[in-house]
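First comes the structure, then the notes that go with it.
The values are calculated or read from the model by the stated rules, or taken from the named source; none is laboratory data. Bear in mind that the values here come from a model prediction, so they are computed numbers and not experimental data. Neighbour counts are summed over all protein chains in view; Cβ atoms, including those assigned to glycine, are modelled from backbone coordinates with ideal geometry.
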Amino acid sequence: MSDARPTTVRITEIYASVQGESTHVGRPCTFVRLTGCPLRCTWCDSEYTFKGGERWSIDDILAEVSRLGVPLVEVTGGEPLAQKAAIELLARLVDEGFEVLLETAGSLSIREVPSAVKIIMDLKAPDSSEEASNLWCNLPLLKPIDEVKIVLASRRDYDWAVAILNKHQLHTRCAVLLSPAWGLLEPSELVQWMLADQVQARLQLQMHKVIWPAAEKGV
């Protein structure tokens with residue numbers, strides 16, 4: 001039986017833009033967006049990644065990333081870790097000297113993710129309809145260079161997030177970001193709640209939706 005690692009990944013798009021989210025917001029970044037996701041969040045803004053895509057070799061992905069010439073690279077989706085070759089892709093990007101970000105929903109194990117990769121874990125609050133998908137054993141695996149993002153669509157989501165942050169003391173482990181779901185929760189309202197509760201987290205807005213409000217892909 002062969003133990004060879006898979007060397008192809010299904011890709012929706014690869015493009016250069018600026019980071020619209022996370023603590024890296026505003027930085028030029030190449031996005032490698034993988035196809036497929038086992039979750040169906042109610043507020044998902046990347047449903048076009050659920051199906052389709054094209055099969056790329058990891059070598060071809062590295063060549064395209066190198067051609068784009070941006071040293072910060074984010075592997076995103078969909079859910080990147082749903083593809084078996086994602087770990088190999090992350091490792092190869094690190095080996096090539098790129099600063100690598102991984103955006104993952106936190107429903108699949110991050111144990112095999114290379115330690116140099118900066119993980120952005122998107123915990124799912126109740127209004128996402130995917131709260132049950134959170135894999136809580138991932139939290140102890142988070143490193144200081146990682147971060148947790150929670151998208152909030154309501155006061156219920158916010159109260160849930162604060163309880164989770166306090167229960168797991170996430171602010172002592174890594175950066176924590178609270179993000180209002182686009183069009184569902186006013187940022188100013190979230191700010192008021194955060195100030196009232198002195199939450200040890202930062203507000204996150206989706207910069208790319210401000211810059212390109214009508215665009216869905218390639219931003």
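Restricted to segment 1-54, and to residues that are part of a strand (DSSP E or B) and among the acidic types (D, E), which residue is nearest to W182 (Cα to Cα)?
E13
Name the residues in segment 65-107 that are of a type outside the set (A, V, I, L, M, F, W, C), surrounded by 18 or more Cβ atoms within 10 Å (Cβ to Cβ) and farther than 24 Å from P140 by Cα, would you?
Passing the criteria: only R92.
For I110, which of the numbered conditions (1) over 21 Å from V18 (Cβ atoms); (2) out of contact with any helix residue (DSSP H, G or I) (no Cβ under 7 Å at 6 or more places or on another chain); (3) crowded, with 19+ Cβ neighbours inside 10 Å fails to hold?
(2)
I'd like the residue in segment 128-174 that is in contact with an Asp or Glu (Cβ under 7 Å, 6 or more places away or on another chain) and free of Cβ contacts under 8 Å to residues at least 60 places away in the same chain and, out of all such residues, is surrounded by the fewest Cβ atoms within 10 Å (Cβ to Cβ).
My answer is R156.
For segment 119-169, give me the residue count where each residue is in contact with a strand residue (DSSP E or B) (Cβ under 7 Å, 6 or more places away or on another chain), part of a loop (DSSP other than H, G, I, E, B) and of a type outside the set (A, V, I, L, M, F, W, C).
Going through segment 119-169 one residue at a time, the tally reaches 2.
Among the residues of segment 49-62, is any within 15 Å of A105 (Cβ to Cβ) and touching a residue at least 40 places away in the same chain (Cβ under 8 Å)?
The initial filter retains those residues of segment 49-62 that are within 15 Å of A105 (Cβ to Cβ), namely 49-50.
Next cut, touching a residue at least 40 places away in the same chain (Cβ under 8 Å) only: none.
Checked segment 49-62: no residue is within 15 Å of A105 (Cβ to Cβ) and touching a residue at least 40 places away in the same chain (Cβ under 8 Å).
Restricting attention to segment 66-96, report how many residues are without any contact (Cβ under 8 Å) to a residue 24 or more places away in the chain and either within 18 Å of A116 (Cβ to Cβ) or in contact with a strand residue (DSSP E or B) (Cβ under 6 Å, 6 or more places away or on another chain) (or both).
Of the residues in segment 66-96, 3 are without any contact (Cβ under 8 Å) to a residue 24 or more places away in the chain and either within 18 Å of A116 (Cβ to Cβ) or in contact with a strand residue (DSSP E or B) (Cβ under 6 Å, 6 or more places away or on another chain) (or both).
Count, please, the residues in segment 188-214 that happen to be assigned to a helix (DSSP H, G or I) and either surrounded by 14 or more Cβ atoms within 10 Å (Cβ to Cβ) or at pLDDT 95 or above (or both).
13
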